[in-house]
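Everything on this sheet refers to the single structure shown next.
The values are calculated or read from the model by the stated rules, or taken from the named source; none is laboratory data. What you see is a predicted model; the values in this text were computed from it and never measured. Positions of Cβ are generated from backbone atoms using ideal geometry, with glycine treated the same way; all protein chains shown enter the neighbour counts. We work out accessible area using only protein heavy atoms, side chains counted, and drop any ligands, DNA or RNA first. Shrake-Rupley method; radii C 1.70, N 1.55, O 1.52, S 1.80 Å.
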Amino acid sequence: MTDQGRRVLRGAEVMLVCARLQMAEIRTAWIIIGVTIFQPIVFLLVALLPSADRSAEAGTRVAVGVALSVSWSATAWGSASVLRRERAMGTLARALAGLVDARLIVLGKGLGASLLSTVWALATLAVTLVALRQPVSLANPGWLLLGFAVLLASGSAVGLLIGSVFVLTRYGPQVTAFLTFPVILLGGMLIPPEILPTPLTWVSALISLRWLQEYLITSAAGSPNLAALGYAVVLTVGYAAAGIGLFGGIVDRSRREGTLDLT
Amino acid sequence: MTSPDYAAERWWRAGRIVRFGFVQYRADNPPRIVLAAIWPRLIFQTVFWVLLGFVAAGDEGARFAYVGAVATVLTLGGLAGMSDVPVDDKYAGTYSRLLVGLTPPTLVFFGRGVAQLAMSVVEMLVAFVAAGLLSGQWRTMLELVPLLPMYLVIALTMSAMGLATASFCVGKRAEVAIYNAAMYLVILCSGAFIPRGTLPVLDVIGSVLPATHGLLAVRSALADEPWLAELSLEAAVGAGWLVLAFYLFTAQTARSRRTGSDSFS
């Protein structure tokens, strides 16, 4: 095997180990219950109950919107907890200055957080929908799975961006809390982008969740909008590139100035 | 018998405790974080609920949601923030000192909670105005201005429940789940977004939660109907939570002293 091949394998192994570690970590963190159990139930009930339209189409739209909103909250909080433990245990500096690229650690942990919380949230949603006897359409399970795979990738990439904030400031939880609602509001998941003022629809177009929402709804109805999936993939690649650049830059700076663990 | 000096000293101590609550709030949430993260989050959150109301039930839904969303802003300071009051001692390892102090820990927590209560009211006012303008609900906002004292009653009951839920966080590492559960219960069951009568089980739970009766009073007042009975019920619910909080903290303190255990460890 070439050196290059070994490096790729080693990187994948690090990411997998970190994903498993993070899943073990968040299973013991109570915030996950708030985000993946309480939040989907509340969002679903608040969006569905006052509405007159309880068709399968409306049910699917709301359920997908809630799933994506919850996945976003879980990603934001999950990425927040990725480096929180390192900070609390005093291992942040070691993780960021070790032999393994810290970005692989954060990406792997972000993937673990997204995977676990998305599965939990979907389970909660399924139970709540059954309890409400709300019909939904699920025409193309394969296409839907593909959409959720892109969702996980998108979540991990954004996790890297949010992780950068946690290296910079100790007020990460407040910053994460701030990020949660604007994205849910502008991401077109529960609020159709059409009702937002025009300048904001541009912001909405830069959020991958908006396109995933469109793709997942059209897939559930039987005619997947692949162009929307394409936009989501392009945006995800963009987030990953920005995250890799930003996180690398911030870690370099912190190491140069010796401010790791001090902020 | 209490001498005048002793009474004066007690007042002085009470003042220091309340002041400490504010100092601690400021240390945990410096002004730049309040301005850049906490307030914008609450404004976005309120606008989100209003637009969700609009999507579900049109203009009437948006108005209904705005009236409710303003009250749910109080859950941040009143429930989540209040839960941090005893939890801060857990992380700082200072509970044992509170146990041997002159002022009972229950009163220390109540005193430090004043800052959370005050900040929750400020946060509510900020979201009330900013989200009212941003979401196009300025007419409803103007109609609500004379009714703001009713929201103040809701703020008091919310903080009372916050103190009671905070006491459950003592001795456990589950404070995040506990206050999250409390926040979502209020959002779901108080009739802030889901009109009363939609799902009876929500109404039953909501009847003992803060904001439920207060919001009924606000909505009645908006419709020129009698509101005093509901507002009194809101105050009664708050008094109930306050008594429960007092009892729970006092019982925990007594148990910690008796068994020598530190409930916070």
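So which residues in segment B:186-205 are surrounded by fewer than 23 Cβ atoms within 10 Å (Cβ to Cβ), of a type in the set (A, V, I, L, M, F, W, C) and at pLDDT 90 or above, if there are any at all?
The initial filter retains those residues of segment B:186-205 that are surrounded by fewer than 23 Cβ atoms within 10 Å (Cβ to Cβ), namely B:195-205.
Checking which are of a type in the set (A, V, I, L, M, F, W, C) leaves us with B:199, B:201-202, B:204-205.
Those that are surrounded by fewer than 23 Cβ atoms within 10 Å (Cβ to Cβ), of a type in the set (A, V, I, L, M, F, W, C) and at pLDDT 90 or above: B:Val201, B:Leu202, B:Val204, B:Ile205.
Quick check: anything in segment B:211-232 of a type in the set (S, T, N, Q) and modelled with pLDDT under 90? Please lay out each step first, then the result.
Just the residues of segment B:211-232 that are of a type in the set (S, T, N, Q), to begin with: B:212, B:220, B:232.
If we keep only those that are modelled with pLDDT under 90 too, we end up with none.
Looking through segment B:211-232, none of the residues is of a type in the set (S, T, N, Q) and modelled with pLDDT under 90.
One residue is enough: does segment A:252-259 have a residue meeting the conditions under 25 Å from A:Thr169 (Cα atoms) and crowded, with 17+ Cβ neighbours inside 10 Å? Talk me through it step by step, then tell me what you get.
So the first thing to find is which residues in segment A:252-259 are under 25 Å from A:Thr169 (Cα atoms), and the list is A:252-259.
Next cut, crowded, with 17+ Cβ neighbours inside 10 Å only: A:254.
Checking segment A:252-259: at least one residue is under 25 Å from A:Thr169 (Cα atoms) and crowded, with 17+ Cβ neighbours inside 10 Å.
Return the only residue of A:Arg20, A:Arg6 being surrounded by fewer than 16 Cβ atoms within 10 Å (Cβ to Cβ), modelled with pLDDT under 90 and part of a helix (DSSP H, G or I).
After applying the criteria, what remains is A:Arg6.
Among the listed residues B:Pro4, B:Pro86, which satisfies the condition of being away from chain A (no Cβ under 14 Å) and under 21 Å from B:Ala182 (Cβ atoms)? Quick ask: steps written out before the conclusion?
Values: B:Pro4 fails: under 21 Å from B:Ala182 (Cβ atoms).
When all the criteria are applied, what remains is B:Pro86.
Mind checking which residues of segment A:27-49 are at the interface with chain B (Cβ under 7 Å from one of its Cβ atoms), open to solvent by 40 Å² or more (accessible area, probe 1.4 Å) and closer than 24 Å to B:Leu51 by Cβ?
The one that is at the interface with chain B (Cβ under 7 Å from one of its Cβ atoms), open to solvent by 40 Å² or more (accessible area, probe 1.4 Å) and closer than 24 Å to B:Leu51 by Cβ: A:Phe38.
Applying the selection to segment B:94-115, what residues are open to solvent by 30 Å² or more (accessible area, probe 1.4 Å) and touching a residue at least 24 places away in the same chain (Cβ under 8 Å)?
Passing the criteria: B:Ser96, B:Leu102, B:Pro104, B:Leu107, B:Phe110, B:Val114.
Within segment A:68-103, work out how many residues are assigned to a loop (DSSP other than H, G, I, E, B) and of a type in the set (Asp, Glu). Reasoning before the result, please.
Initial filter on segment A:68-103 (assigned to a loop (DSSP other than H, G, I, E, B)): A:90-91, A:98-101.
Cutting the leftovers down to of a type in the set (Asp, Glu) gives us A:101.
The qualifying residues number 1.
Every residue in segment A:142-164 that is surrounded by fewer than 19 Cβ atoms within 10 Å (Cβ to Cβ) and more than 17 Å from A:Leu68 (Cβ to Cβ), please.
A:Gly142
Filter segment B:213-239 down to the residues that are small (Gly, Ala, Ser) and either under 12 Å from B:Met150 (Cα atoms) or open to solvent by 40 Å² or more (accessible area, probe 1.4 Å) (or both) and list them by number. Let's see the steps before the verdict.
In the first step, residues of segment B:213-239 are kept if they are small (Gly, Ala, Ser); the result is B:214, B:217, B:220-221, B:223, B:229, B:232, B:235-236, B:238-239.
Within segment B:213-239, B:Gly214, B:Ala217, B:Ser220, B:Ala221, B:Ala223, B:Ala229, B:Ser232, B:Ala235, B:Ala236, B:Ala239 meet the criteria.
Restricting attention to segment A:50-67, report how many residues are outside any helix (DSSP H, G or I) and more than 7 Å from chain B (Cβ to nearest Cβ). Break it down into steps so the answer makes sense when it comes.
Going through segment A:50-67, the residues outside any helix (DSSP H, G or I) turn out to be A:50-55.
Then keep just the ones that are more than 7 Å from chain B (Cβ to nearest Cβ); that gives A:52-55.
Of the residues in segment A:50-67, 4 are outside any helix (DSSP H, G or I) and more than 7 Å from chain B (Cβ to nearest Cβ).
Out of the residues in segment B:181-223 that are free of Cβ contacts under 8 Å to residues at least 12 places away in the same chain, under 19 Å from A:Leu45 (Cβ atoms) and assigned to a helix (DSSP H, G or I), which is farthest from the other protein chains (Cβ to nearest Cβ)?
Of everything passing the filter in segment B:181-223, B:Val204 is farthest from the other protein chains (Cβ to nearest Cβ).
If you scan segment B:30-52, which residues turn out to be more than 7 Å from chain A (Cβ to nearest Cβ) and touching a residue at least 60 places away in the same chain (Cβ under 8 Å)?
So the first thing to find is which residues in segment B:30-52 are more than 7 Å from chain A (Cβ to nearest Cβ), and the list is B:30-32, B:34-36, B:39, B:42-43, B:46, B:49-50.
Answer for segment B:30-52, where residues must be more than 7 Å from chain A (Cβ to nearest Cβ) and touching a residue at least 60 places away in the same chain (Cβ under 8 Å): B:Trp39, B:Leu42, B:Ile43, B:Thr46, B:Trp49, B:Val50.
Please state which one of B:Tyr66, B:Tyr91, B:Tyr25 is in contact (Cβ under 8 Å) with a residue 60 or more places away in the chain and surrounded by fewer than 24 Cβ atoms within 10 Å (Cβ to Cβ). Can you show your working first?
Working: B:Tyr66 fails: surrounded by fewer than 24 Cβ atoms within 10 Å (Cβ to Cβ); B:Tyr91 fails: in contact (Cβ under 8 Å) with a residue 60 or more places away in the chain.
Exactly one residue qualifies, and that residue is B:Tyr25.
Every residue in segment A:106-155 that is under 18 Å from A:Ala242 (Cβ atoms) and of a type in the set (Val, Ile, Thr), please.
A:Val106, A:Val150
What residue, of B:Phe54, B:Phe20, is in a helix (DSSP H, G or I), among the aromatic types (Phe, Trp, Tyr) and under 20 Å from A:Met189 (Cα atoms)? Don't jump to the end; show me each part of the working.
Working: B:Phe20 fails: under 20 Å from A:Met189 (Cα atoms).
Exactly one of B:Phe54, B:Phe20 is in a helix (DSSP H, G or I), among the aromatic types (Phe, Trp, Tyr) and under 20 Å from A:Met189 (Cα atoms), namely B:Phe54.
Is it the case that segment B:71-86 has a residue that's open to solvent by 10 Å² or more (accessible area, probe 1.4 Å) and free of Cβ contacts under 8 Å to residues at least 12 places away in the same chain?
Among the residues of segment B:71-86, not one is open to solvent by 10 Å² or more (accessible area, probe 1.4 Å) and free of Cβ contacts under 8 Å to residues at least 12 places away in the same chain, which makes the answer no.
Tell me whether segment B:144-151 contains one or more residues that are under 23 Å from A:Phe43 (Cα atoms), of a type in the set (Phe, Trp, Tyr), in a helix (DSSP H, G or I) and open to solvent by less than 60 Å² (accessible area, probe 1.4 Å). Reasoning before the result, please.
Going through segment B:144-151, the residues under 23 Å from A:Phe43 (Cα atoms) turn out to be none.
No: zero hits.
Just a yes or no: is a residue in segment A:203-216 assigned to a helix (DSSP H, G or I), open to solvent by 50 Å² or more (accessible area, probe 1.4 Å) and more than 19 Å from A:Leu111 (Cα to Cα)?
As a first pass, look at segment A:203-216 and keep what is assigned to a helix (DSSP H, G or I): A:203-205, A:208-216.
Next, from what is left, pick out any that are open to solvent by 50 Å² or more (accessible area, probe 1.4 Å): A:203, A:214.
Among the residues that remain, those that are also more than 19 Å from A:Leu111 (Cα to Cα) are: A:203, A:214.
Checking segment A:203-216: at least one residue is assigned to a helix (DSSP H, G or I), open to solvent by 50 Å² or more (accessible area, probe 1.4 Å) and more than 19 Å from A:Leu111 (Cα to Cα).
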